Structure formats: C-alpha cells, structure tokens
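The block underneath contains the structure these notes are about, expressed in structure tokens.
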Amino acid sequence: MKKYDYLLLRFGELTLKGRNRAKFEKAAVEHVRALLRPYPEAKVRREFGRIYVDPGSGQAETLIPVLQNVFGMTSMSPVRAVKPELDEIIRAAGELLEAMELKRETTFKTNVRRVWKDFPHSSQESNPLIASPLLKRFPLLKVDVREPELELRIEIRDQFAYVYGEVIPGAGGFPLGTNGKALLLLSGGIDSPVAGWSALRRGLEVECIHFHSYPFTSEKAKEKVVDLAQALAEYAGKIRLHIVPFTEVQTSFTQMGQDNLMITLMRRAMLRIATKVAEREKALALITGESLGQVASQTLPSMNVIERATELPILRPLVMTDKDEIIRLSRRIGTYDISILPYEDCCTLFVPKSPTTNPNLRIVNKVEAVTPNLERLIEEAADGTETIELFAGGSRSRSNQEGEESPANPDWF
C-alpha cells in the first residue's frame, strides 16, 4: 500500500499573478514534465496555483528530491487523496499517523481548509471533528494550537480531500523560461555553473557555450564541462551545450607579443563568438560567472573593456558574491566535485605571469585590428560549433530535437 497518493506542488501568488498566470503555470508544468522524463509512469495535473503529480505504481516519496528542483515552486507536500467525506478524511489521517510510528508524546493540531463550500462542516467546525477521534486513537498526541510539533493539514475540495502533515520548502524563484533565454559561458571552474543555476532559478532558459582548445586542452577537460552541463540539466530538465573550437583563435593572439593582454583578448573573442551563437539560438543575453575583483579579468576596468566586444547585455549573477559563498552554493547544487577535477580549460592554460588589470581599450582595439584573419577565425569558430543536448536522467543527443507530442488527456498528462 502506498503511503501517499500524490505530490502537491504550490506556486506563490507573486509568480502566478495577473496576465502572466497561464504562461507561468504552463512553464511550470513543462519543467515538471522535463524533470519527470526518467519516470514515464508519472502523470501531472494542473490546478490554479498548484500542480499534482501522480507517481503511478511507484512511491511518491522517491520523486521528492527530483521535484525540489522545480523553479518557482514555494513548497511541496506528499498527500493522501480521499473522497471529501468526514469519515474518509479521519481514516486517511489515522493511516498517516500510524505510518509515522510515534515513539514519544507529540503536540499537534489539525488545520482544515474548506475550499469546496458544499462540504457540510465549516473549516472551524471540522477541526475538532477530525482531531477528537485521532486523540482517542493515539494517546501520545497532545493538542497545541500555537506551536505544534505536528500540523495535520486537510484541504477539502469538490473531488478530493487532501490530507498531509509535511510541507517541504521549494526552490523558489520564477518558473523556468518565463524570463527569456540567455547563453551561459561555461568554463570548467566553480563559478560559471553556479551562475547558470542562479539564472535558471530566476526564470531564464539557459543554453551553455564552452570554448575548447584541443590539443592544448584534453578530451577529459571537455567531458568535465559536459558533466557540469549535465548537472545543470538535472535542474532544468534539458540543457543545450555548444562546444566551440577555439584553438585557432587562441593561438592567433599568442603571436602578437601582447602577453599581458592575452586574457583580455581571449575573453573579448569569446564574447564575439558567443554573440553569434546567441543570435542564432535567439538568446537575448549572455551570462558569465564573473565575481568582481576575483581575478585580473574581473576587475572593473577589465570587465568594462571586455564587455564592449558585444552589444548583448551581460548578466553576472555572482558579481558581488564572495568566493566562499560561491563554493557553498556549488556544493549544494552538486557541481563542486566536478569543477575541482584537475583538467584545465583554455583560459587557465594561457594565463600570463603579469596579466593587466587595467587594459586600455584603444590599445586592445589596435591589437585586434592587426591580428591576422581574426574576423575569419571568429566566424569559423562560431560556424564549427558542436551542439549536444543533455537531459535529466543522463541521456544525451547530438541532434536538435523538436518538442514531444502534445498530451492526449487535457487533465493528466
């Protein structure tokens, strides 16, 4: 026998208000479906401000860690669903308490919310009607209406009454994709995956771009970045990763005798290539993992010169965040152990001994103007991009895929 019938996902009024409600709810459902891709038996039903997930033949509890990644969700509860009748509600509440196997005296209260007004008892009347038989059956329960250890909640609706005792905090933020699409410059370091997760949480659809300089950087370094993108796919449901062949562009700068500007020149070239890919993918902004003052290219003068290589807005979710805080978040989202693997990316391999922290834009422009075939190399790099689609659960594809077929059932799908 299953302990719970459904998972109830709640979305706050701030993210589902006004004219955006239908759009946001649809985006939330699509995100849930994407995360449930490895669980083909699971079905989804949408109501105002909430989503119900039926786990099929499996246990609802197994889907909790997966669905905690749904952005825009304020909280989630595993629930029992019974007929909206008093006896059925009391029975379901008793079964939940039995499953908890109380070992000590526990304070509790019931919290009834009568949404279906044809139910014969008001919310206030229902509380003692449900609590009294439970107190008789479970002697370890003691009433405390102010600060109970256990709050047994009942929502009475026209088709079902939902009974639950656990409220699990959600990921928060905005439903995925409701704030547009942006392209994340994904390195093999700690910061950029955290910036990507932060952007996903704020409602951005994120695609990733990585610059690979074979043979200066190994295939293991490339696979490390794929693994980082896969970690983000476990939150987004799907991530597209664009891998740019950067060797020719990078080596062209090494011949210019401007070692102190090497990082500045590389970063500007990356932005120019990323802009071309972003325009092709209809992304409206670029995302970086820059944190102010962390390295030479992340001083304010450096960022000012580097960002002038593109007209797209650059989003920097971590710009005012301390490194320790970034590391804590990377551990929380599961990217830290991948990021610290000892496979260097193209930037770390070409760091000069004394990189400039205050580059001069006029000099940078002159160096770029005389770099042989730079425009052609940038164009070829953008055209030679390899694209991989990564899905929650670990599957991947190198071909662009269209959306899945529309569901046949308008309520459960």
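The values are calculated or read from the model by the stated rules, or taken from the named source; none is laboratory data. Keep in mind that what you see is a predicted model, and the values were worked out from it rather than measured. For neighbour counting, all protein chains shown are included, and Cβ atoms are generated from backbone atoms with ideal geometry for every residue, glycine included. Just the protein is used for accessible areas: all its heavy atoms, side chains included, with ligands, DNA and RNA removed. Shrake-Rupley method; radii C 1.70, N 1.55, O 1.52, S 1.80 Å.
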Open item on the list: Using helices alone, I'd like the mean residue ellipticity at 222 nm for the chain: each DSSP H run of four-plus residues gives -39500 (n - 2.57), total over residue count, nearest 500.
Closed with: -11000 deg cm²/dmol
- [ ] Please give the helix 219-236 orientation as an angle from the longest Cα principal axis of the chain, in degrees from 0 to 90, rounded to the nearest 10.
- [x] 30 degrees
Task: Cα long-axis angle, helix 361-370 against the chain (0 to 90 degrees, to the nearest 10) - done: 60 degrees
- [ ] Pairs to check: Lys23/Lys323; Lys222/Lys353; Lys220/Lys366; Lys222/Lys323; Lys181/Lys224. Give those whose C-alpha atoms are more than 27 Å from each other in this structure.
- [x] Lys23/Lys323; Lys220/Lys366
- [ ] Pull out a ≥ b ≥ c, the square roots of the eigenvalues of the alpha-carbon gyration tensor of the stretch 1-123, then state rounded if a/c is under 1.5, prolate if not and a/b is larger than b/c, and oblate in the remaining case.
- [x] oblate
- [ ] Loop sites only, by DSSP: take the trypsin sites (Lys or Arg not before Pro) in the chain that have at most 15 other C-beta atoms within 10 Å and name the longest stretch containing none of them.
- [x] 158-281
Open item on the list: Which order do you get for Met100, Met303 if you rank them by accessible area with a 1.4 Å probe, largest at the top?
Closed with: Met100, Met303
Open item on the list: Test of the criteria: in the stretch 31-100, which GluC sites (Glu not before Pro) are in a DSSP loop and have at most 12 other Cβ atoms within 10 angstrom of their Cβ?
Closed with: Glu41
Task: Amide H contacts of Lys43 (H built 1.01 Å from N, under 5 Å, at least 5 apart or other chain) - done: Asp54, Gly56
- [ ] Report the net charge of residues surrounding Ile156, where surrounding means a beta-carbon distance below 10 angstrom and charges are Lys +1, Arg +1, Asp -1, Glu -1.
- [x] 0
TODO: Take the alpha carbon gyration tensor of the stretch 181-398, find the square roots of its eigenvalues, order them as a ≥ b ≥ c, and report rounded if a/c is under 1.5; if not, report prolate when a/b exceeds b/c, else oblate.
DONE: prolate
TODO: Among DSSP beta bridges lying fully in the chain, give the percent that are antiparallel, nearest 5.
DONE: 55 percent
TODO: Decide, for the stretch 279-333, between rounded, prolate and oblate: order the square roots of the alpha carbon gyration tensor eigenvalues as a ≥ b ≥ c, take rounded if a/c falls under 1.5, and otherwise choose prolate if a/b is larger than b/c, else oblate.
DONE: oblate
Task: Size of charge dipole - the chain - debye, nearest 20, with Cβ of Lys, Arg +1 and Asp, Glu -1, no other charges - done: 760 debye
- [ ] Could you state the accessible area per residue of the stretch 6-169 in Å², with a 1.4 Å probe and every protein chain left in place?
- [x] 52 Å²
Open item on the list: Quick check: the angle from helix 86-100's long axis to the longest principal axis of the chain, C-alpha only, nearest 10 degrees?
Closed with: 60 degrees
Task: Alpha-carbon centroids, the stretch 296-330 and the stretch 144-172: separation in whole Å - done: 42 Å
TODO: Give the long-range amide H neighbours of Lys238: residues separated by 5 or more places, or on another chain, with amide H under 5 Å away, using H modelled in the peptide plane at 1.01 Å from N.
DONE: Ala392
- [ ] May I ask you to give the percent of accessible area on the chain that is carbon plus sulfur, with a probe radius of 1.4 Å?
- [x] 49 percent
